[in-house]
Amino acid sequence: MVALARELDMLEEGQQGPKELEVEMISPLSKVSFRNFSVDLSDQPASPTHAATEFLRGALAKTPIDLEELSMALEQAKRADVDSMLLLRGEDVFMELIEKQAAVTRLATALQNRMLKDLRQAIAKAETSKIGPDEFPDASGCGIVKRAKAVVEQEELAAMEELRRSLNAGVRHQAPILTFEPGNVVTPEESEREELLRFNQDWMGKWEGRSAAILKPASTEEVSAVLRYASEKNLAVVPQGGNTGLVGGSVPVHDELVLSLLRMNQVEALDTRSGIVTVQAGCVLEQLDQYLAKHDFMVPLDLGAKGTCTIGGNAATNAGGLRYLRYGSLRGNILGLEAVLADGKVVNSLSALRKDNTGYGLPQLFIGSEGTLGVITKLTILCPTRPKAINIAFFACSDFENVQRTFALARQNLGEVLSAVEFCDRAAIDFVLKREAGTGVRDPLEETYPFYAGT
């Protein structure tokens, strides 16, 4: 006779107490069903799987979790074939605790040594390991991460104060920072708030930082010295050109040092045969174009902000501009550049060869990087010959399809002569007329149209 206990199979293994079962007894001669059959499991010993499961659950439920106990529970669970989901959870918690323990050890060592760079890296690792600011407190109840951040803040303030004192006193630092001359440093002690605000606020007035030190180096060596000092002291730096950006990328977020390149504004060389110019990054775009005009060349870039923006900033943002159709992006016209890395190292890739296929194209990494990889200090740019004549055509279009048709016809008939195509709608014209009312600005045409195009 064989006993089939379907309900018994469904009981959780190791479950205690009396249970009501439905059992079928089957024999070759007859079939008899017994209902409400009671089986008492109270005295049955727990299985190894059940014991390991309870041990693991207990280890995970403790606050704080005992790492050694959890390790033993996991070993036992693996041997006893515990539920895979529970085992996986236990292993995840165990690895998280191991990572936390390593991060805390690293942070404690960094606190003991008080090395600012190590502290910053240890704090970042601790936060990645999900260590809260109040975890692992000292005798005063202050968490280890909070304590480390306080030390970093103190060291940063001390470094900033040391920098400000040395600059205001006109003394060279042990590692020279800047030659103290009038106009190369702006601090609250030396200027009014309006002067600081010019470097702390973006062109649109949407974002404003709180930098108390504006440094204006005049050479690559001074840029290198500033960045080396900032790296050693773990001071944040924001490189800034003409500060004409519209997205707040050139102003400090908090109280970072502002590294203004406006004093690095010299044109160093021009090859009048090839049209290749070597220029410092702080040279204003319009001034560079005026210099090139004297030699019948032009910058392959034109912007509305050309009277304020700098060529280094144009490269750092990979600006397009109005002449893109004819001369392409600035990226394609930059042959080489010089940049200073965050630790003060100078990368010199000032190639003046138009066809240079040697080694890595390092300049291309810095173009469009917006100061995240390093500070551009010099550039070599291929400049086209300035045209002898310029013709402008202004069209009124009844709809946007005609704007597109105008553009297509201009490219088809003018070819390489076409330098730029711009379009605007009526709302833009009305806005300009309203803003410039009383200045003599008038509607370009007698009748109004939905769209306009210019070439």
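For the criterion of being surrounded by 14 or more Cβ atoms within 10 Å (Cβ to Cβ) and within 30 Å of E155 (Cβ to Cβ), A126 passes. Of the residues making up the stretch 410-430, just one is among the hydrophobic types (A, V, I, L, M, F, W, C) and over 23 Å from D302 (Cα atoms), namely A427.
Kindly check whether there is at least one residue in the stretch 324-347 that is under 20 Å from L301 (Cβ atoms), of a type in the set (V, I, T) and not assigned by TED's automatic domain parsing to the domain that holds V284. Walk me through how you get there before you give the answer.
Step one: filter the stretch 324-347 for residues under 20 Å from L301 (Cβ atoms), giving 324-339.
Filter once more, so that each one left must be of a type in the set (V, I, T): 334.
Add one more test, that the residue is not assigned by TED's automatic domain parsing to the domain that holds V284, and what stays is none.
Within the stretch 324-347, none of the residues are under 20 Å from L301 (Cβ atoms), of a type in the set (V, I, T) and not assigned by TED's automatic domain parsing to the domain that holds V284.
The selection criterion, being part of a loop (DSSP other than H, G, I, E, B), farther than 22 Å from N318 by Cβ and not assigned by TED's automatic domain parsing to the domain that holds Q280, does not hold for T358. The combined condition, being at pLDDT below 90, closer than 26 Å to L325 by Cα, in contact with a strand residue (DSSP E or B) (Cβ under 7 Å, 6 or more places away or on another chain) and surrounded by 15 or more Cβ atoms within 10 Å (Cβ to Cβ), is fulfilled by A352.
Annotation note: of R354, R386, the sole residue that is closer than 30 Å to R263 by Cα and over 37 Å from the mean Cα position of the chain (by Cα) is R386. The set of residues in the stretch 387-407 that are closer than 14 Å to V421 by Cβ, in a loop (DSSP other than H, G, I, E, B) and of a type in the set (S, T, N, Q) contains only N391. Can you pull out every residue in the stretch 211-235 that is surrounded by fewer than 22 Cβ atoms within 10 Å (Cβ to Cβ), within 24 Å of the chain's Cα centre (by Cα) and polar (S, T, N, Q)? Residues satisfying the conditions are S224, S231, N234.
Do we find a residue being out of contact with any Leu (no Cβ under 9 Å at 6 or more places or on another chain) and among the aliphatic types (A, V, I, L, M) anywhere in the stretch 294-305?
First, pick out the residues of the stretch 294-305 that are out of contact with any Leu (no Cβ under 9 Å at 6 or more places or on another chain): 294, 296.
Remaining after also requiring among the aliphatic types (A, V, I, L, M): none.
Within the stretch 294-305 (the criterion being out of contact with any Leu (no Cβ under 9 Å at 6 or more places or on another chain) and among the aliphatic types (A, V, I, L, M)), the answer is no, since none of the residues qualifies.
Suppose we keep only residues that are surrounded by 15 or more Cβ atoms within 10 Å (Cβ to Cβ) and of a type outside the set (A, V, I, L, M, F, W, C) within the stretch 426-453. Which one would you say is farthest from Y324 (Cα to Cα)?
Filtering the stretch 426-453 for residues surrounded by 15 or more Cβ atoms within 10 Å (Cβ to Cβ) gives 429, 449, 451-453.
Checking the rest, the ones that are also of a type outside the set (A, V, I, L, M, F, W, C) come to 449, 452.
Values: Y449: 27, Y452: 20 Å.
Of everything passing the filter in the stretch 426-453, Y449 is farthest from Y324 (Cα to Cα).
Looking only at residues of the stretch 288-345 that are touching a helix residue (DSSP H, G or I) at 6+ places or on another chain (Cβ under 8 Å) and basic (K, R), we find that the one that is nearest to D356 (Cα to Cα) is R331.
Taken together, L353, L365, L322 contain a single residue that is touching a Leu at 6+ places or on another chain (Cβ under 8 Å) and in contact (Cβ under 8 Å) with a residue 24 or more places away in the chain, which is L322.
The values are calculated or read from the model by the stated rules, or taken from the named source; none is laboratory data. All values reported here derive from a predicted model rather than from experimental measurement. Because the Cβ atoms are built from the backbone with ideal geometry, glycine has one as well, and the counts that use them run over all protein chains shown.
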